[in-house]
Amino acid sequence: MRADVVVVGAGLAGLRCAQVLAAAGRDVVVLEASDGVGGRIRTDRVDGFLVDRGFQLLNPAYPAVRRWVDVDALGLQPFGAGVAARTEDGLDVLGHPLRSPGLLPATLRTAARRPREVAALARWAAPLLRPRPGRELSEVLAQRADVDRRTALDGAGVDGLLRRVVDRFFAGVLLEDDGSTADRFALLLTWMFVRGVPALPRDGMQALPEQLAATLGERVRLGQPVRRITGSSVETDDGTWTADHVVVATGAPEAAGLTGVPVPATKGVVTVWWSAPDAPDTDLLHVDARRTPTGPLVNTAVVSRAAPSYAPPGRHLVQGSALTRDGGDTEEMRRHAGDLLGVDPRGWEVVARHDVPHALPAQLAPFSSARPVRHGDLVVCGDHRDTGSIQGALVSGQRAADDVLAVGR
């Protein structure tokens, strides 16, 4: 079996890479080990519910999404542009004043009691607040000290409730609660949250990779695990493919095993989905901003309030997510979710539980937004070669395709 290019892995990076190569006239085949495209972006249908494998959201503000995805066709269902923080005194709300004007009174009440904390947070976020005529944000951030998130927030004097909200919010986004992520990456993500409201596609997150795969047709071969790559030969259970170029577009651990390429450490998450007969009327992400959190969750949300297509009529879908080290007890996760939402969760029933040990690559300081994709004769792509995000996966796939086409010239 032969092709011009064999792409190993049908996640976002592999699919984007194959799209570019096919459009350039290359004979490309994509070999995917599992029974569906998407890599870590998969959606299961369980008793009329849609449950993604790990709580994931799509930010339509990502430049790669705007450029290469038909966003309108996904039927995005946005969450509220804000966060609800459970405190010792009740519930404090912080929202984007322009994207969620209904949250403005609650946001002002929260901020008005903490002018010093607001000023400190503004110091930390200064690159996002100042005009940047003729300059990209990445250029501005390059002038900033390349330290971890904790060091940067401490340096700006961010503390109190707002510090706890920022830390707990990022714990769910970055899957770390120790502030070890590069500050530059945290600011880049913050800018994306300012520019767009994260949402869920009508048919689940897997609709995103399925849209990319639809342009490739029979070039995508499912159920084809790759056992070994030797030079230009790719060995599968069904035989060996030979190609002029081989692109490895798997997750970080698999890429390391197939190619020996150095990869960053990964961070894991546990997400439990519950069916609820009723639920609070809120489309906000809820976090525990008490000085001592009372449970393992980094966040919880009534998903069906933001994305009604995720639940059948008459039911609601609630998710709760915890870092892998904390997500052992499903019942404790349910109790904590009810506590954060301010309801009794004893009537909730488990729909699914997903343990995703390699959900995100770590993004440590010093920060690099683009690791090399060329590894000897092989090309390697994935969010572990770029930023740990949907944006990073798509851009990495594009860079891999560009590398193959450049060699072919």
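Throughout, read-outs are computed from the coordinates displayed, never taken from laboratory work. Being a predicted model, the structure only gives us computed values, none of them experimental. Neighbour counts run over all protein chains shown; Cβ positions are idealised from the backbone, glycine included.
Along each principal axis, taking the top coordinate minus the bottom one, the Cα set of region 108-190 gives 36, 27, 20 Å in descending order.
Let me check against my output: what whole-number percent is the relative contact order of region 108-190, with C-alpha pairs under 8 Å and at least 6 apart? Can you show the working numbers first?
On the way: 66 pairs, mean separation 31.2, N = 83.
RCO, region 108-190: 38 percent.
Give me the percent relative contact order of the chain, please, defined on Cα pairs under 8 angstrom at least 6 residues apart. Intermediate results must be reported in sequence, preceding the final value.
Values: 873 pairs, mean separation 104.6, N = 409.
Computed over the chain, the figure is 26 percent.
Taken one residue at a time, the phi angles of region 70-86 give Karplus couplings (6.51, -1.76, 1.60, θ = phi - 60°) of 7, 4, 4, 5, 6, x, 5, 10, x, 7, x, 7, x, 9, 9, 10, 6 Hz. Gly and Pro are set to x.
What value, in deg cm²/dmol to 500, does the helix sum -39500 (n - 2.57) over DSSP H runs of n ≥ 4 give at 222 nm once divided by the residues of the chain?
Numbers: 15 runs with 137 residues, N = 409.
Computed ellipticity for the chain at 222 nm equals -9500 deg cm²/dmol.
Taking amide H as placed 1.01 Å from N in the peptide plane, the amide H of residue 267 sits under 5 Å from that of 359, 360, 362, each at least 5 places away or on another chain. Annotation: the residues 66, 114, sorted from fewest to most other C-beta atoms within 10 Å of their own C-beta, follow the order 66, 114. The residues packed around residue 51, meaning those with a beta-carbon under 11 Å from its beta-carbon, carry a net charge of +1 if Lys and Arg are +1 and Asp and Glu are -1.
So what is the relative contact order for region 305-409, in percent, with contacts set as C-alpha pairs under 8 Å and at least six apart?
Reported relative contact order: 15 percent.
Computed from phi, the 3J(HN,Hα) profile of region 197-213 under the Karplus parametrisation 6.51, -1.76, 1.60 (θ = phi - 60°) reads 9, x, 8, 10, x, 3, 9, x, 4, 5, 4, 5, x, 5, 5, 5, 5 Hz, with x in place of Gly and Pro.
Annotation: amide H-H contacts under 5 Å for residue 46 (H modelled 1.01 Å from N, sequence separation of 5 or more, or interchain): 51.
3J(HN,Hα) along region 61-66: 7, 4, x, 5, 5, 4 Hz, from the Karplus curve 6.51 cos²θ - 1.76 cosθ + 1.60 with θ = phi - 60°, whole Hz, x for Gly and Pro.
In loop segments of region 275-369 as defined by DSSP, the trypsin sites (Lys or Arg not before Pro) with at most 12 further C-beta atoms inside 10 Å of their C-beta are 291, 346.
Extension gain for the segment residue 406 to residue 104, taken as residue separation times 0.36 nm less the Cα-Cα distance, is 103.7 nm to one decimal.
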